[in-house]
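Have a look at the structure below before the remarks.
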Amino acid sequence: MSTKAGAVPTSRGAQQRQGIPLIINGPSVSSPSPDPKTRQLLHEVTERASYVAFRDEVSCDAVDLSECHVIPDTALEVARLWSNEELDRSVASVGLGSEPTFVVHMKQKYCQDASEAAEAVDALARQIDARPVLIAIGECHGDDQVHTRVAQLMKSNPACLLPRSLVDVASNIHHSRAYIGSSMHGYITAVAFGTPALLVLNSTPHHKFLGLLSQLGMDRAKAVAPNWRAATKQSPRRVESSNRQAVFRSLDAHWASVGEALQFEVRTDDSFALRHWKRQVVTRQLAASGKRRLRSTLSRAKVAIRD
């Protein structure tokens, strides 16, 4: 979800050609201290936007604008997407039956020791008195491979789920006794549905996590475990109902502001630096696309040779 320097100018170009107002809709800036060129680019892009909102104060500071809004992560509205009947059907389709479960998510960055993680989740299964369901929320990051390694060392009969859709993730978190893991959006989904949750990160969490916890009124020391062993000594917690309702009111106000911004006139002037950066981005994207096609071709060729 973080904004990368190369992604914004291309979107800006497409928006500008079509005469559509540019809206910066609540991302985070990847680095709290961008290099001078990136900072200049971020400032020039956001300065030309009709409405700018980020999901943490650090990102607003990075773009150096006179008017920059800090909003809750818009994914907190995930609980509004489906009816209870749709969620029930989705969780039933996974085939875990009616036994109590809790959802676990692991990421390689925060799970260097598979045996330690396995022992921790086994201990959590005993504490929560439920079956662990390991959901690979970020398959593109290799989460499923991390889960497979850990599950092979576990004794608590874990289920490994490779979700087919967003509703698979949401419904299992909604129906679980707790969410414990390293996915920010797994945690957000738990908060949205009122499921007790605990983040497992490290001793220096990214500013996007800290911004989220601040907006939810959560104490970092109680909401974040610095490793999996420490997670066994902390309890998953619910966000206060009043704080959740305040978040939803903030998001309603945000969408109203977006609607108003869509009526604004589009700026069509670009600086030399911004035009130069966009050309570089397009060149890199074309090169990356060519590499992906080449890898795909080589992969198909290897399969054909084995067959």
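Laboratory data are not the source of any read-out in this text; all were calculated from the coordinates shown. Fair warning: this is a prediction, and the values are worked out from it, not measured in the lab. Note: ideal-geometry Cβ built from the backbone for every residue, glycine included; neighbour counts use all protein chains shown.
Let me check I've understood the local charge: for Gln112, count other residues with C-beta under 13 angstrom from its C-beta, Lys and Arg +1, Asp and Glu -1. What total comes out?
Details: positive: Lys107, Lys109, Arg149, Arg229; negative: Asp113, Glu116.
It works out to a net charge of +2.
Send over the per residue convex hull volume for segment 15-172, Cα only, as a whole number of Å³.
Numbers: hull volume 26.6 nm³, N = 158.
Once divided by residue count, the hull of segment 15-172 is 168 Å³.
What's the FRET efficiency of Cys140 with Leu81 using the Cβ-Cβ distance as r and R₀ = 22 Å, to the nearest 0.05?
Details: r = 21 Å, r/R0 = 0.98.
FRET efficiency, Cys140 to Leu81: 0.55.
List every residue whose amide H lies under 5 Å from the amide H of Leu161, counting only residues 5 or more places away in sequence or on a different chain, with H placed 1.01 Å from N in the peptide plane.
For Leu161, the qualifying residues are Leu134, Ile135, Ala136.
Could you calculate the contour length gain from Gln127 to Leu262, that is, 0.36 nm times the residue separation minus the distance between their Cα atoms, to one decimal place in nm?
43.6 nm
For a label point 7 Å from the Cα of Glu99 along Cα→C-beta, name the residues of segment 155-195 whose backbone N is under 11 Å from it.
From segment 155-195, the list is 156-159.
With every atom except the alpha carbons ignored, what do you get for Rg and Dmax of segment 177-272, in angstroms?
Final numbers for Rg and Dmax: 17.5, 56 Å.
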